Amino acid sequence: MSRDRLAFPGALALVRQCAVCGRWMVVTTSRRIFCSPRCRYKPWAATPKGKERRRAASAAYRRRQSEAIRAATPWVRRRREL
Ligand SMILES: [Zn+2]
């Protein structure tokens, strides 16, 4: 590939591979190592901060679901009230 065919011929452009899926991409800053938010998510979710955020989000989701089910079926007897 010749230099003038790059997306930003004037700027310092780099061609590099995504750290997750390996797709090639043209970047203007070397700090960018993922091709998309989707590829950025997976490594982030494995960090302690990401795990904590996912744990909290899952708990909130389950709580919302339980409340919705309880509200939709008030005639059903529960083993215990939360
Ligand atoms: Zn990727």
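The values are calculated or read from the model by the stated rules, or taken from the named source; none is laboratory data. Please read all numbers here as calculations on a predicted model, not as lab measurements. Every residue, glycine among them, receives a Cβ derived from its backbone with ideal geometry; neighbour counts consider all protein chains shown.
Considering (1) modelled with pLDDT under 85; (2) out of contact with any strand residue (DSSP E or B) (no Cβ under 9 Å at 6 or more places or on another chain), the lone condition that residue 7 does not fulfil carries the number (2). Contact annotation: residue pairs with Cβ atoms under 7 Å, 6 or more positions apart or on different chains, pairing a residue in segment 18-40 that is part of a helix (DSSP H, G or I) with a partner that is near the ligand (Cβ under 8 Å from one of its atoms) and not aromatic (Phe, Trp, Tyr), are 39/18; 39/20; 39/21.
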